[in-house]
1. Could you check how many residues of region 27-70 are within 17 Å of the chain's Cα centre (by Cα) and in a helix (DSSP H, G or I)?
2. Would you confirm whether or not region 127-139 contains a residue that is among the acidic types (Asp, Glu) and either touching a helix residue (DSSP H, G or I) at 6+ places or on another chain (Cβ under 6 Å) or touching a residue at least 40 places away in the same chain (Cβ under 8 Å) (or both)?
3. Kindly indicate whether PRO155 is surrounded by 21 or more Cβ atoms within 10 Å (Cβ to Cβ) and either of a type in the set (Asp, Glu) or in contact with a strand residue (DSSP E or B) (Cβ under 8 Å, 6 or more places away or on another chain) (or both).
4. Of the residues GLY183, GLY104, which single one is in contact (Cβ under 8 Å) with a residue 12 or more places away in the chain, among the small types (Gly, Ala, Ser) and assigned to a loop (DSSP other than H, G, I, E, B)?
5. Can you pull out every residue in region 126-143 that is farther than 23 Å from ILE24 by Cβ and surrounded by 12 or more Cβ atoms within 10 Å (Cβ to Cβ)?
6. Collect the residues in region 145-180 that are under 14 Å from SER62 (Cα atoms) and part of a helix (DSSP H, G or I), keeping them in residue-number order.
7. For region 49-74, give me each residue that is within 16 Å of ligand 1 (Cβ to nearest atom) and either surrounded by fewer than 17 Cβ atoms within 10 Å (Cβ to Cβ) or of a type in the set (Asp, Glu) (or both).
8. For region 119-143, name all the residues that are within 17 Å of VAL173 (Cβ to Cβ), part of a strand (DSSP E or B) and more than 13 Å from ligand 2 (Cβ to nearest atom).
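Rule-based calculations on the coordinates, nothing more; no lab input. Just so it is clear, the model here is predicted, and its values are computed rather than measured. When we count neighbours, we look across all protein chains shown, and the Cβ atoms used for this are built from the backbone with ideal geometry, even at glycine.
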Amino acid sequence: MSVENKKNSPEIFTKHDAEFKPKIQASAIALGSNIGDSLAILEAATAELAAIAGIQLTAKSSWYITKAVGPPQPDYINGCISLQVQMSPLELLETLLAIEQKFGRVRQERWGPRSLDLDLLLYDDLIIDTPTLQIPHPRMQERAFVLVPLAEIAPDWLEPISGYVIRELVKKVDCSDVHLLKGS
Ligand SMILES: Nc1ncnc2c1ncn2[C@@H]1O[C@H](COP(=O)(O)OP(=O)(O)OP(=O)(O)O)[C@@H](O)[C@H]1O
Ligand SMILES: Nc1nc2c(c(=O)[nH]1)N=C(CO)CN2
């Protein structure tokens, strides 16, 4: 069969085929920054992700100013995006880590300040629990700074461990330290 015909019949690809591409899946990413020009960093990181082959940006929340959770440090700007991805969860994590590095992320103390934090929240309805990657993100359920922006773009997405959709999860957390960044 010609390559042209194969492109029109994706179901006949196998993993051994040089042209094999994983199925397109939906994924949700949380973004945060509290060092440097956070808004510019977050916008640039979003654009960078959207420009990668195998990634399509499907929705972007507003940006929120949020009180830092963890050790004392400046407020964060947080938001969420949803993507259509044609890459495995691990490839997506590696892509996120590479973009963090590009924007000057230096790993220091846990939950400490950072120029860019990208967390892989959800990948379709998948549950993964490995030392390097957990999906859904294990702390997303308790984080208003994640759930408020996520509820804006994906209220009906089921968090597969709790069995609750995002619009229900956001009602369970205190959102008083999450404020819309006007004009975003
Ligand atoms: N769903 C996930 N999204 C992002 N990183 C993950 C995920 N699951 C596991 N990790 C691992 O966590 C590491 C990132 O840790 P990081 O320093 O960003 O944690 P943190 O941002 O300080 O804390 P938190 O994970 O609570 O947001 C990555 O190197 C990655 O291997
Ligand atoms: N408000 C807020 N607090 C945080 C954040 C964040 O993105 N927003 N990220 C952290 C490290 O994961 C630790 N604390």
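1. 12
2. no
3. Answer is no for this residue.
4. Testing whether each residue is in contact (Cβ under 8 Å) with a residue 12 or more places away in the chain, among the small types (Gly, Ala, Ser) and assigned to a loop (DSSP other than H, G, I, E, B) leaves just GLY104.
5. Of everything in region 126-143, those that are farther than 23 Å from ILE24 by Cβ and surrounded by 12 or more Cβ atoms within 10 Å (Cβ to Cβ) turn out to be ARG139, GLN141, GLU142, ARG143.
6. PHE145, VAL146, LEU147, VAL148, PRO149, LEU150, ALA151, GLU152, ILE153
7. Matches in region 49-74: LYS67, VAL69, GLY70, PRO71, PRO72, GLN73, PRO74.
8. Scanning region 119-143 gives a single hit, LEU122.
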